[in-house]
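Enquirer: Below is one structure. I have some questions about it.
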Amino acid sequence: MSIGGLARRFVQDQLLSESEAITATDQAKVEKLPLISYLVSKGLADAKKIAISTSDEFGTPIFDLDAFDPESIDKEIVSADLVVKHHAIPLFKRGNRLFIGISDPTNLVGLDEIKFHTGLSTEGILVEEDKLVKFIEAYDDDGDDGFDDLDEDVGDLDVVEDKKDNEEEHNAADDAPVVKFINQMLLSAIKKGASDLHFEPYEKTYRVRFRVDGVLRTMAKPPVALARKLAARLKVMSSMDIAERRAPQDGRIKLKVSAKKSIDFRVSTLPSLFGEKVVLRILDPSSAKMGIDALGYEPEQKEMYMDCLSKPQGMILVTGPTGSGKTVSLYTGLNILNTEDRNISTAEDPVEINLEGINQVNVNPKVGLDFGMALRAFLRQDPDIIMVGEIRDLETASIAIKAAQTGHMVMSTLHTNSAAETLTRLVNMGVATFNIATTVNLIIAQRLARRLCKVCKQPANIPAESLKQMGFTDAMITTAEIYQPVGCQSCTNGYKGRVGIYEVVRITPTISKIIMEDGNAIELNAQFKKEGFNSLRKSGLIKVTQGVTSIEEVNRVTNED
C-alpha cells in the first residue's frame, strides 16, 4: 500500500517509518480522527516536530499558542460544538476575517462550516496539536455534557433518538445561520431571475442550484451536516409536516419583497438516498401580466392567437415540455379575456399565480376533486371561459371537448412536443376524430430560448451554404443579422433573459379533413408547412436572423425539421 499527503512527508522527515505511517493512517480512519491528532494522542510522534514538518509541506508559519491569551477568545463567535467537532479554535477577528487555529491545514471542511455559521471569511493558522487540544478543552469547559436533564427511566433508545431528531428539526426554524442562508438564497434567486431553486443532499456534499434562463447552475455548497436543518427550515416556511421525511410533500411560501410586491414559491420535497431534496418554483405574478407583445410571437402568430381568443367557443391547446412557458401563455390569454362581463373558471394542479377576477380551483385528488370533477362543477355555474391546467386522460378530454361544443371557450395544455403530436395524442387517448376536428381552434407548441445579451453579443460570420444546411431559406439569409454569445458583467455566458419560440397552427378545413381521416403526424406536418405555419425550428431560426438568440440556442431547444 502506498501512502500520500502528510503521511508521506512525515516519512520523508523520518518522523515515522513507512510501515508506521500506513498503520497510523488506517487506524486514524477507523477511529475517525485526523492523522495528526492520532499520532500525537497515541505518542507516536512529537507535536512540535509534526508541526514543523507540516509547516514545511504547506509553506505556512507556525503560530505559538503559548504566547496567546485564551481569555481574549470571543466564545460567542463560534459554538463549542463546532470547535470540538472540527478540532479548530477561533483565535482573533480582523474586520470580516476570522483566524482559526488548526493543526491540520487540510481541514477545509471545518473552515467552511465555521464560515457558514459565522458569516465571516475564515483563514486557518497552523498551531501545534498538543497545545491546540488544551485550548479546545478550556474552550469547552463551560459546555454541558448532555446528560444532566435525562430522566432516570430512559425508556426505548429508538424513541429517544427520534424525539431528539424531531426537536432538532423544529429548532432549525430558529437556527440563525440556517435562517439567514435560506433567506439569502431566496432573495438571490429572485434578483438573478431564477425560475427554480434546487436544494440537493448527497453523501459527502450538499449543493444549491438555481435554474436561470433555463439552465441549472451551482450557487452554493453549504456543509452537508446541515442537510436536515435546511430541509426542516424550508418545510417550516411552507407549512409542511416537519416530522414526515419518508413521503413527498408540497407546500407554498409567500415572500414579501417590498411594500407592494410579494413572490410566491411552490415547494416540493422528495426523499432521496441521502436526505430530502427540496425544489422551489418561483411564481412571479407579474410574469402573467407581461402582455402578449412581450412573449415573442411573430406578428402572424399573435394575430391567430388573438383571433381565436375572440371566438365565443372552441378549444385552444398550448403544448410543450415542463418549463417551456405554457402557463404564462395561458395566463396572458386569460388576462386579455378577463373582463367584468365574463365568468372565467380555472382548474389547476396547483394554482401557480393568483389572478384577480378569475375563479381558480386547486385540484385535490385525495378528496376526489380531479380535473373531471372540477369541469363538471364549472359547467353547472354558467361559465364563459374554462381553463384546464392539463388534459391527462380521456375523461378530462371528453368533458373539455363537450364544454367547447356547447358554447364555451376552453383553454388547456398537453405535454407533447409539437402541434401535430398534440392532435395524435388526443386520438390515442380515445377522443373521436370528429370531435377533435370540429372543436380545436388553435394549437400552440412552444419552447423558451435564451436571449442574447444586447451589451456583448457579436456578429457571427457563417457561410451561406452552412446556413442553408441548418434550415435557413434564401430569403432569411438575405436579411439575416446573426450574432453569437460572448459574455460580460451584464449577462450569464452571453445570454440574459428568455424569449418564446412558437409553432402556432390554426385548424383549417383541410387540416380537419386529415384529422377525420386518421392522418398521422407526418401528414399533418406536411399540411402545416403547405399552409404556411412556421414549425418550432423555423420560428427559432427567424429569431436568429433578428439577432434575438443564437444558432446554438435554437439547436438546444428544437429539433431539425
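Enquirer: Of everything in the range 187-199, what is surrounded by fewer than 21 Cβ atoms within 10 Å (Cβ to Cβ), within 11 Å of the chain's Cα centre (by Cα) and closer than 24 Å to Asp112 by Cβ? Give them in sequence order.
Expert: Selection gives His198 alone.
Enquirer: Now for a separate question. Residue by residue through the range 289-319, note down the ones that are free of Cβ contacts under 8 Å to residues at least 12 places away in the same chain and either among the polar types (S, T, N, Q) or in contact with a strand residue (DSSP E or B) (Cβ under 7 Å, 6 or more places away or on another chain) (or both).
Expert: Ser310
Enquirer: Any chance the range 500-520 includes a residue that's at pLDDT 95 or above, hydroxyl-bearing (Ser, Thr, Tyr) and part of a loop (DSSP other than H, G, I, E, B)?
Expert: Yes, the range 500-520 contains a residue that is at pLDDT 95 or above, hydroxyl-bearing (Ser, Thr, Tyr) and part of a loop (DSSP other than H, G, I, E, B).
Enquirer: Is it the case that some residue within the range 541-561 is in contact with a Ser or Thr (Cβ under 6 Å, 6 or more places away or on another chain) and surrounded by fewer than 17 Cβ atoms within 10 Å (Cβ to Cβ)?
Expert: Yes, because at least one residue in the range 541-561 is in contact with a Ser or Thr (Cβ under 6 Å, 6 or more places away or on another chain) and surrounded by fewer than 17 Cβ atoms within 10 Å (Cβ to Cβ).
Enquirer: Select from the range 416-470 the residues that are open to solvent by 60 Å² or more (accessible area, probe 1.4 Å) and either among the hydrophobic types (A, V, I, L, M, F, W, C) or part of a strand (DSSP E or B) (or both) and write down the one among them that is nearest to Thr508 (Cα to Cα).
Expert: My answer is Phe434.
Enquirer: For residues that are free of Cβ contacts under 8 Å to residues at least 40 places away in the same chain, part of a helix (DSSP H, G or I) and among the acidic types (Asp, Glu), scanning just the range 1-57, find the one that is least open to solvent (accessible area, probe 1.4 Å).
Expert: Taking the candidates together, the pick is Asp26.
Enquirer: For Asp69, are the conditions met, namely being of a type in the set (Asp, Glu), closer than 30 Å to Ser121 by Cβ and open to solvent by 50 Å² or more (accessible area, probe 1.4 Å)?
Expert: yes
Enquirer: So, one more: Please state which of the following conditions Ile515 fails to meet, knowing it meets all the rest: (1) crowded, with 21+ Cβ neighbours inside 10 Å; (2) closer than 23 Å to Ser324 by Cβ; (3) β-branched (Val, Ile, Thr).
Expert: The number of the failed condition is (2).
Enquirer: Restricting the range 527-558 to residues that are touching a strand residue (DSSP E or B) at 6+ places or on another chain (Cβ under 6 Å) and among the hydrophobic types (A, V, I, L, M, F, W, C), which is farthest from Arg450 (Cα to Cα)?
Expert: My answer is Phe528.
Enquirer: Return the total of residues in the range 96-109 being touching a Ser or Thr at 6+ places or on another chain (Cβ under 9 Å) and either outside any strand (DSSP E or B) or open to solvent by 10 Å² or more (accessible area, probe 1.4 Å) (or both).
Expert: The number of residues fulfilling the criteria is 6.
Enquirer: Hey, among Gly314, Gly333, which residue is surrounded by 15 or more Cβ atoms within 10 Å (Cβ to Cβ) and either at pLDDT below 90 or on the phi > 0 side of the Ramachandran plot (or both)?
Expert: The unique qualifying residue is Gly314.
Enquirer: Look through the range 278-293, keep the residues that are open to solvent by 50 Å² or more (accessible area, probe 1.4 Å) and either at pLDDT 85 or above or of a type outside the set (A, V, I, L, M) (or both), and return whichever of them is nearest to the chain's Cα centre (by Cα).
Expert: Checking each candidate, the answer is Arg281.
Enquirer: OK, next. Can Gln405 be described as in contact (Cβ under 8 Å) with a residue 60 or more places away in the chain, among the polar types (S, T, N, Q) and surrounded by fewer than 17 Cβ atoms within 10 Å (Cβ to Cβ)?
Expert: In short, yes.
Enquirer: Can you tell me which residue within the range 202-219, out of those that are of a type in the set (A, V, I, L, M, F, W, C) and out of contact with any Lys or Arg (no Cβ under 7 Å at 6 or more places or on another chain), is most open to solvent (accessible area, probe 1.4 Å)?
Expert: Ranking the candidates gives Val215 first.
Enquirer: Right, something else. Filter the range 348-398 down to residues that are open to solvent by less than 30 Å² (accessible area, probe 1.4 Å) and among the hydrophobic types (A, V, I, L, M, F, W, C), then give me how many there are.
Expert: Qualifying residue count, the range 348-398: 15.
Enquirer: Of the residues Arg246, Arg228, Arg233, Arg252, which single one is of a type outside the set (Asp, Glu) and buried (at least 20 other Cβ atoms within 10 Å of the Cβ)?
Expert: Going through Arg246, Arg228, Arg233, Arg252 in turn, just one is of a type outside the set (Asp, Glu) and buried (at least 20 other Cβ atoms within 10 Å of the Cβ): Arg233.
The values are calculated or read from the model by the stated rules, or taken from the named source; none is laboratory data. From a predicted model like this one, the values you see are computed outputs, not experimental measurements. When we count neighbours, we look across all protein chains shown, and the Cβ atoms used for this are built from the backbone with ideal geometry, even at glycine. Just so you know, the surface numbers come from the protein's heavy atoms only, side chains and all, with ligands and any DNA or RNA stripped out. Shrake-Rupley method; radii C 1.70, N 1.55, O 1.52, S 1.80 Å.
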